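Okay, so here's the structure we're looking at.
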């Protein structure tokens with residue numbers, strides 16, 4: 001009986017450690033995003049995005065989005081993802097639209 005309880009405690013401790021390691025990795029990724037470039041420079045670059053700008057030009061000015069796909073780059077302005085910009089591209093790799101959000 002005591003052995004079973006001890007094994008259960010060991011398993012619960014191991015699970016808690018695994019959850020903590022995964023959460024720390026997620027936080028490190030978010031901190032890297034948040035500190036990858038000065039916020040005022042990023043906002044200035046994104047405020048000057050115009051329809052027709054090239055994807056390469058945007059990458060030079062603002063960097064690649066924090067969450068980037070072939071057709072859409074998302075830039076987060078805070079760690080919680082409560083504000084940011086979404087830039088969408090057309091098939092010619094030119095900006096089709098740029099929008100902001102705050103939640």
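The values are calculated or read from the model by the stated rules, or taken from the named source; none is laboratory data. These numbers were taken from a predicted model, which means no experiment stands behind them. Here the Cβ is made from the backbone with ideal geometry for all residues, glycine too, and neighbour counts use every protein chain on show.
Tabulated data for the structure shown
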read-out: Selected residue [out of contact with any strand residue (DSSP E or B) (no Cβ under 9 Å at 6 or more places or on another chain) and at pLDDT 80 or above] from 43, 22, 64, 10; value: 10
read-out: Residues being part of a helix (DSSP H, G or I), farther than 30 Å from residue 23 by Cα and without any contact (Cβ under 8 Å) to a residue 40 or more places away in the chain - total across segment 55-95; value: 5
